[in-house]
Amino acid sequence: MLNFILRRVLVAIPTILVLIIFSFLLMHSAPGGPFTSERPLPPEVMANIEAKYGLDQPLWKQMYDYVIGIVTQFDFGPSFRYKDRSVNDIIAQGFPVTLTYGSIAFVVAVVSGVTLGAVAALRQNTWLDYFAVGVSIGAQVLPNFVMAPLLVLVFTLYLGWLPGGGWEGGQIQFIILPVIALATSYMASIARITRSSMLEVLRSNFIRTAKAKGLPSRKIILGHALKPSLLPVISYLGPAFVAMITGSVIIDVYFSTGGIGQLFVNSALNRDYSTIMGITILTGVLTISFNTLVDILYAWIDPKIRY
Amino acid sequence: MRYATTKMTAALLAASFLSGPVLAAGTHPTTGEALADDQTFTYRVLDEHSSVDPQIVEDVSGAEIVRDLFEGLYNQDEDGNLVPGVALSHEVSDDKLTYTFKLRDNAKWSNGEPVTANDFVFAWKRAVNPETASPYAWYMELMSIANGADIIAGEKPVDELGVKAVDDLTLEVTLSQPLPYFPQMVTHSTTFPSPEAVIAEHGADWTKPGNIVSNGAYILTEHVLNERSVRERNEMYWDNENTILDKVVAVVINDENQALTRYMAGELDRTEVPAGQFPRLKEENPDEAINFPRLCNYYYTFNLSDGGPEAFKDVRVRKALAYAVDRNVIVENVLQGGQFPAYTFTPGATAGFEVPEVDYANWSQAERDEKAKELLAEAGYGPDNPLSFDMLYNTSEAHKKIATVMSQMWKQKLGVEATLNNMEWKTFLDVRGKQDFELARGAWCGDYNEASTFLDLVTSPSGYNDGKYSNATVDELMTGARTAENPQENYTQVEMTLAEEMPVIPVYHYAGVYMLNDQLKNWPINNVEQNWYSKNLYKVAE
């Protein structure tokens, strides 16, 4: 197992490098630049700015300096757009926000999704099943860009119970709506995956054997059926978790949370090269880490899998 | 018991007098209105500001914050007129090249240090210093300060900038050419003073809350990127006694409909009204929905460069297209926010600008349409040889609506095929800047309240002249206007030439369309540049 983890880490390094090179080239190939503005800057002013940010260097040199800065000093450079901030600063402020509401939404989505899916599978074709399937389809057809404004309309404007946006350092009343808006569609997916995989497991031979030898159904479900039926769910959860904690632009935009999801999109629109790179690398590292974690979980859940 | 109560009341009263401004809970000193206890103003901004460093800031929402945090030589009043800021007055030399500003002796930084002429000298040199790499360095060039352009280009040392502190309270500025509107230009944030010692101490981090020292009515106390920034009363400000608002919060909300919902829920005191919603909101909340003219224009520019379409080189085609646009429909049925149909490039709201009588402005739309049909036929376009071109705008719901309406008008009236093409902002700017378009949207908000801020755009050397219109007479008139006693004549001639040659299609002039809490008073709706200062606002009790 240790060997496996080590191998994964070794593979991760070139993967990240490739990610950096590709994002860098892609970004620089987009028309316009960080300092393209409605009033075109006089050439001498532009030259001063480009010199300050090293944009007058050849592309390979810029990329080299950038990677060296990260490796030696963990410095992601200054933001090209938010000139009072460094990218380290920006991520240090935005990431905890998305991490907070993303993790909570993740827990909510997993607990409610797995419960809903399991209940539906166990009571297949009863009203409970129809109800659970109904709820999950309902949640699926209400994507977060519909959920978010709807929630604000109901809970902020009509009922006046919760604030319609802001973060204020993460007080509970500011977290609730973003969590619900983010969690619903994930919950729906998790419920559907759990239900179908559980149905499949319940029909398999070893469950039939367990039933035949007269085990109580509680024991069959918790002891035998649940673990294997969670396998597909877990492979879904790895990337889902990363997507949730690196934020959703919709959630950030509607709730003004200051999270990094919105920042990612805005910095792409602003051609804020250093900020895009910083968030891309963060997302890349997280994705690789959690995929590795999922693989380890796999081995633990399914003894047939060996690395 | 009675004794105790009295004593306590007295103590409380004394405490409230000592601890804070007398005005906070009370009545307005001049109008006598009862003031609200909570003097907090919360407003929506579309996007996070770029910086609060006066010499670095480049966007409108950043400049709004900087105007509260710092104070320049002059401020603007509710109507946009100059009023003393740190400077009390100025004198101009006979050759109009030297301006001497007298500064007030009671201006202080938030750390208690006095504001001196040296702070301005430091800031202005900082703005042109190539090392600062200020995106607004061009503004200092525009101000024509002696040697400014050479310093920015790295051809002269920074110390040779034409600005010096004669003594602590006297600032002398030397210009390279006379500039009648120079005093108006010092209300811009690039010209605000900055604290040398603090910048030296904290470097790039000097604008962070806790580090920042400023000389305006407010200090920055909190800033969370993409969420909000908070500025609070600066007790050291020279006019703190007359400042009523205690706290101003800017909340970043990208989506304007979401912002409107939050306004309706009482979370905001001000937000913009999305296009087309003003009439409904005005009916439901007559005291809160407001609109007023702004110093901005909206137009489409023909690509007149060598690479541009042949058809647009014919003035008859340009005129036909410009005439056939029914601006009243766009303003009254699409935007519905009190915008003004535009027939000239410069908005009528511009100070000292008299709208010239351009011919087609006075025709009826039917007459314009008739003329358009004639001109297009003369130019050789018709059912057998239909005119078709690409119409470029940056991605936005409102721009799309306008482009759709315009192309429909052309199709119905003239049989012209305009293909709509939208692009994301930076790509749009890049493409338009490279003249890789046929007809493209443009808009401009005045940098200062004078017609040249608009008309300079149609001169050949202008960096924003993406249509590459070039007319030597127009260039000459605009150069002449800089030093003319009465530049209006030149402006009239330029506008007349524009109406005759139609290098751009003026569509409308902007209006500010806000939802504004009716408790918040003194919003400067007559200030067309919308240079507002929180220190002049106040909230009345409900």
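The values are calculated or read from the model by the stated rules, or taken from the named source; none is laboratory data. This structure is a prediction, so every number in the text was calculated from the model and none was measured. Note that each Cβ is placed from the backbone with ideal geometry, even for glycine, and that neighbours are counted across all protein chains shown. Calculation scope for accessible area: heavy atoms of the full protein, side chains included, ligands and nucleic acids excluded. Shrake-Rupley method; radii C 1.70, N 1.55, O 1.52, S 1.80 Å.
Taking 50 Å² as the minimum loss, tell me which residues in segment B:44-62 lose that much accessible area going from the chain by itself to the full protein complex (1.4 Å probe). Listed in order, they are B:SER50. Using the Cβ atoms and a cut-off under 12 Å, what net charge is assigned to the surroundings of B:ASN471, where Lys and Arg are +1 and Asp and Glu are -1? Surrounding charge for B:ASN471 is -3.
Which whole-number percentage describes the relative contact order of segment B:390-490, with Cα contacts under 8 Å and a sequence gap of 6 or more? Could you put the intermediate results ahead of the total?
Numbers: 105 pairs, mean separation 22.4, N = 101.
So the answer I get is 22 percent.
Inter-chain Cβ neighbour count for B:253-265, averaged per residue, equals 6 (cutoff 10 Å, partner chain atoms only). Within the full protein context, the accessible area of B:SER194 is estimated at about 0 Å² for a probe radius of 1.4 Å.
For segment B:293-512, report the accessible area per residue in Å² (1.4 Å probe, heavy atoms, rounded to an integer). It would help to have the intermediate numbers written out before the result.
On the way: 8660 Å² over 220 residues.
That works out to 39 Å² for each residue.
Using the Karplus relation 6.51 cos²θ - 1.76 cosθ + 1.60 with θ = phi - 60°, the per-residue 3J(HN,Hα) values for segment B:262-271 come to 5, 5, 4, 7, x, 7, 10, 9, 8, 8 Hz, with x marking Gly and Pro.
Cα-Cα over 22 Å: which of B:LYS413/B:LYS434; B:LYS373/B:LYS411; B:LYS313/B:LYS411?
Numbers: B:LYS413/B:LYS434 31 Å; B:LYS373/B:LYS411 12 Å; B:LYS313/B:LYS411 20 Å.
B:LYS413/B:LYS434, as the Cα separations exceed 22 Å there.
Under 5 Å from the amide H of B:ASN75 lie the amide H atoms of B:VAL83, B:GLY85, each residue being 5 or more positions distant or on a separate chain, with H modelled from the backbone and absent for Pro and chain starts. The phi-based Karplus calculation (6.51 cos²θ - 1.76 cosθ + 1.60; θ = phi - 60°) puts the 3J(HN,Hα) values of segment B:177-191 at 8, x, 9, x, 9, 4, x, 5, 6, 7, 8, 7, 4, 4, 8 Hz, whole numbers, x for Gly and Pro. Legend: residues in segment A:122-159 shielded by at least 30 square angstrom of accessible surface upon adding the remaining protein chains to the isolated chain (1.4 Å probe, heavy atoms) are A:VAL152, A:THR156, A:LEU157.
Candidates B:PRO114, B:MET143, A:ALA51 compared by Cα position along the dipole of the protein assembly as shown: farthest toward the positive end lies A:ALA51, with charges placed on Cβ. Remark: segment B:395-400, residue by residue, has Karplus-estimated 3J(HN,Hα) of 4, 5, 4, 5, 5, 5 Hz, where x stands for each Gly or Pro and the curve is 6.51 cos²θ - 1.76 cosθ + 1.60 at θ = phi - 60°.
For segment A:198-307, what relative contact order do you get, as a whole percent, if you take Cα pairs closer than 8 Å and at least 6 residues apart? Intermediate results must be reported in sequence, preceding the final value.
On the way: 74 pairs, mean separation 26.5, N = 110.
Taking the mean separation of contacting Cα pairs over the length of segment A:198-307, I get 24 percent.
For B:ASP306, the solvent-accessible surface with a 1.4 Å probe is about 150 Å², rounded to the nearest 10. Element breakdown for the protein assembly as shown at a 1.4 angstrom probe: carbon and sulfur atoms account for 57% of the accessible area. Name the residues of segment B:416-435, by number, that are at least 20 Å² less accessible with every protein chain in place than in the isolated chain; the surface is that of heavy atoms, probe 1.4 Å, without ligands or nucleic acids. Buried by the other chains: B:GLU424, B:TRP425, B:LYS426, B:THR427, B:LEU429, B:ASP430. Once backbone amide H atoms are built at 1.01 Å from N, B:THR170 has B:LEU103, B:ALA117 as its partners under 5 Å, excluding neighbours fewer than 5 places away on the same chain. The distance separating the Cα centre of segment A:236-307 from that of segment A:159-205 comes to 17 Å.
Separation of the alpha carbons by more than 28 angstrom is noted, of B:LYS282/B:LYS539; A:LYS61/B:LYS125; B:LYS108/B:LYS247; B:LYS108/B:LYS164; A:LYS83/B:LYS468, for A:LYS61/B:LYS125; A:LYS83/B:LYS468.
Which order do B:ASP38, B:ASP205, B:ASP94 take when ranked by solvent-accessible area (1.4 Å probe, heavy atoms of all protein chains), largest first?
Values: B:ASP38 95, B:ASP205 65, B:ASP94 155 Å².
Descending accessible area places them as B:ASP94, B:ASP38, B:ASP205.
With charges only on Cβ, +1 for K and R and -1 for D and E, what is the dipole size of chain B about its Cα centre, in debye, rounded to 20?
Numbers: 43 positive and 83 negative charges, 197 e Å.
The dipole magnitude comes to about 940 debye.
Remark: the protein assembly as shown carries a charge dipole of roughly 5740 debye about the Cα centre, counting +1 on each Lys and Arg Cβ and -1 on each Asp and Glu Cβ. When only Cα pairs below 8 angstrom with a gap of at least 6 residues are kept, segment A:89-259 shows a relative contact order of 38 percent.
Let me make sure I get this right: for segment B:293-512, a, b and c are the square roots of the gyration tensor eigenvalues over alpha carbons, sorted descending. Under 1.5 in a/c it's rounded, otherwise prolate if a/b > b/c, else oblate. Which is it? Working shown, then result.
Working: a/c = 1.36, a/b = 1.35, b/c = 1.01.
Judged from the Cα gyration tensor, segment B:293-512 comes out rounded (a/c under 1.5).
To the nearest 10, the accessible area of A:PHE4 is 10 Å² with a 1.4 Å probe.
Against chain A, whose longest principal axis is taken from its Cα atoms, helix A:273-301 shows a tilt of about 20°.
With a 1.4 Å probe on protein heavy atoms only, work out how much accessible surface A and B bury together, total over both chains, in Å² to the nearest 100.
Details: alone 16850 and 23670 Å², together 36330 Å².
In total, chains A and B hide about 4200 Å² from solvent.
The 1.4 Å probe gives accessible areas that order A:ARG203, B:ARG432, A:ARG192, largest first, as A:ARG203, A:ARG192, B:ARG432.
Between helix A:127-140 and chain A there is an angle of about 10 degrees, using the helix long axis and the longest principal axis of the Cα atoms.
Of the residues B:PHE302, A:PHE106, the one with the largest accessible area comes first in the ranking A:PHE106, B:PHE302, computed with a 1.4 Å probe on protein heavy atoms.
Report, in debye and to the nearest 20, how large the dipole of segment A:89-259 comes out about its Cα centre when Lys and Arg carry +1 and Asp and Glu carry -1 on their Cβ.
Using only the charged Cβ atoms, the result is roughly 1220 debye.
The angle between the Cα long axis of helix B:472-483 and the longest principal axis of the Cα atoms of chain B comes to about 20 degrees, rounded to the nearest 10. Annotation: amide H-H contacts under 5 Å for A:SER248 (H modelled 1.01 Å from N, sequence separation of 5 or more, or interchain): A:GLY261. Between A:THR292, B:VAL252, B:TRP425, the Cα set farthest toward the positive side of the dipole of the protein assembly as shown (charges on each charged residue's Cβ, about the Cα centre) is that of A:THR292.
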